[in-house]
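For reference, the structure is listed below as structure tokens.
Please treat every number below as a calculation from the coordinates, not as lab data. The structure presented is a predicted model; accordingly, all values stated were derived computationally and were not measured. Note that we place each Cβ from the backbone using ideal geometry, even for glycine, and neighbour counts take in every protein chain shown.
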Amino acid sequence: MSDSRDGGCQCGNVRYRVRGAPLTLAVCHCKQCQRQSGSAFGMSLVIRRDDFELLTGELRDFSRSSESGRSLRCTFCADCGTRIYHEPTYLEGVVNVKAGTLDDTSSLEPALHIWTTSKQSWVAVPDRAKSFERQPG
């Protein structure tokens with residue numbers, strides 16, 4: 001991945017830039033991520049908070065408990081509702097950018113799969129990826 005990646009919401013009002021190397025790319029198979037993504041899992045590009053820059057648009061947020069019981073702040077486009085990032089309150093200085101909102105996803109290769117106890121049976125976890133039945137750490 002390059003040192004700078006841009007992304008945005010579905011309606012185009014929110015545009016953002018991510019700088020620096022990501023900490024990791026994780027696939028979460030928990031029921032909440034399945035519901036939020038409307039799919040079998042959610043992908044999160046874990047970055048340092050200071051590496052995220054909102055270029056245009058307005059973000060709104062709400063907080064919820066994750067399946068691990070920890071608090072999570074969820075941000076989304078105020079106009080179309082596209083989820084942009086999650087901010088785990090238990091990890092200071094880190095945000096989880098919803099990787100599907102990046103303009104170019106061609107170089108994404110998840111290194112980590114979590115909450116595989118909730119994984120859809122037809123989803124295969126690659127051998128090279130780390131896998132956890134629940135939340136690691």
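Where does the longest stretch of the chain lie that holds no GluC sites (Glu not before Pro) found in a DSSP loop with 12 or fewer other Cβ atoms within 10 Å?
Values: sites that count: Glu58, Glu92.
It works out to 1-57.
Tell me, what ³J(HN,Hα) does each residue in the range 110-126 have, in order and in whole Hz, if you take phi through Karplus 6.51 cos²θ - 1.76 cosθ + 1.60 with θ = phi - 60° and put x for Gly and Pro?
Residue by residue, the range 110-126 yields x, 9, 8, 10, 10, 6, 5, 5, 9, 4, 5, 4, 8, 8, 9, 8, x Hz.
Can you tell me, using C-alpha contacts under 8 Å and at least 6 residues apart, the relative contact order of the chain as a whole percent?
Numbers: 302 pairs, mean separation 36.7, N = 137.
Averaging sequence separation for qualifying contacts and normalising by length gives 27 percent for the chain.
Go ahead and set up a Gaussian network model of the chain, Cα springs under 10 Å, then flag whichever of Leu108, Leu59, Leu91 fluctuates most.
Leu91
What does the helix-only formula give at 222 nm for the chain: each DSSP H stretch with n ≥ 4 adding -39500 (n - 2.57), the total divided by the residues, and the result rounded to the nearest 500 deg cm²/dmol?
Values: 1 runs with 7 residues, N = 137.
Estimated from H runs of four or more residues: -1500 deg cm²/dmol.
Kindly state, to the nearest 0.05, the FRET efficiency for Phe132 paired with Asn13, given R0 = 41 Å and r defined as their beta-carbon distance.
Working: r = 35 Å, r/R0 = 0.86.
Computed FRET efficiency for Phe132 and Asn13 comes out at 0.70.
For Val14, Val123, Val46, what ranking results if the residue with the fewest other Cβ atoms within 10 Å of its Cβ goes first?
On the way: Val14 24, Val123 12, Val46 20.
Neighbour counts put them in this order, fewest first: Val123, Val46, Val14.
Per residue, how big is the convex hull around the C-alpha atoms of the range 4-131? Give it to me in cubic angstrom, could you? Before the final figure, lay out the partial values.
On the way: hull volume 13.7 nm³, N = 128.
Cα convex hull per residue, to the nearest whole number: 107 Å³.
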